[in-house]
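One structure is given here, and the rest of the page talks about it.
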Amino acid sequence: MSPMTATIRYNADGLVPAVAQDAATGEVLMLAWMDAEAVRRTLATGKATYWSRSRQAYWVKGETSGHTQELVSMAVDCDGDTLLVTVNQTGAACHTGNRTCFFTPLALEDVE
């Protein structure tokens, strides 16, 4: 199979979901959003940089908390509409202080 050229399909707001995964454990850490500039900054600096929809600004993960994400690799899925950002995580990934944002179990009765 020959290598493919990566094409990112951004949504109508110019964003693509980015799933952060711990390189050492494979654990899914968080979901954030990136635009083309955030992707460029992440690849250029090696520091996970996201677009904050609430603040309408870029943020480098861990810039204020010290809970950094050092880029190991970045890949786009087969449809081009989701990124997998593999990182070396320092500290908690979640703003709640949890290692991962995915700590709340979901049951059928929780779905409305």
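All of the numbers you see were taken from the coordinates with simple rules; none came from a lab. Everything numeric here is computed off the predicted structure, so don't read it as measured data. Using ideal geometry, Cβ is built from the backbone for each residue, glycine included, and neighbour counts are taken over all protein chains shown.
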Worksheet item: So which cysteines in the chain don't have a second cysteine's C-beta under 4.7 Å from them?
Response: C78
Discussion item. Give me P(r) over the stretch 52-112, computed from all C-alpha to C-alpha distances, binned every 5 Å, as integer percentages.
Written reply: 4, 14, 15, 20, 21, 15, 9, 2
Worksheet entry | Neighbour-count order for E109, E70, fewest beta carbons within 10 angstrom listed first | E109, E70
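Based on the Cβ-Cβ distance of K47 and F103, what FRET efficiency does E = 1/(1 + (r/R0)^6) give at R0 = 25 Å, to the nearest 0.05? Before the final figure, lay out each step's value.
On the way: r = 24 Å, r/R0 = 0.98.
Efficiency, rounded to the nearest 0.05: 0.55.
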Worksheet item: Regarding the stretch 1-45, what whole-number volume in Å³ per residue does the convex hull of its Cα atoms give?
Response: 123
Fill in: Cα-based Rg of the chain normalised by 2.2 N^0.38 Å, two decimals
1.11
Worksheet item: Rounded to the nearest 500, what is the chain's calculated 222 nm mean residue ellipticity when only DSSP H runs of at least 4 contribute -39500 (n - 2.57) each, over all residues?
Response: -2500 deg cm²/dmol
Worksheet item: What nm value, rounded to one decimal, do you get for the distance between V19 and V72 when each label is placed 7 Å out toward the C-beta?
Response: 1.5
Worksheet item: Pulled fully out, how much extra length does the chain show between L84 and T5, if you take 0.36 nm times their separation in residues and subtract their Cα-Cα distance?
Response: 26.9 nm
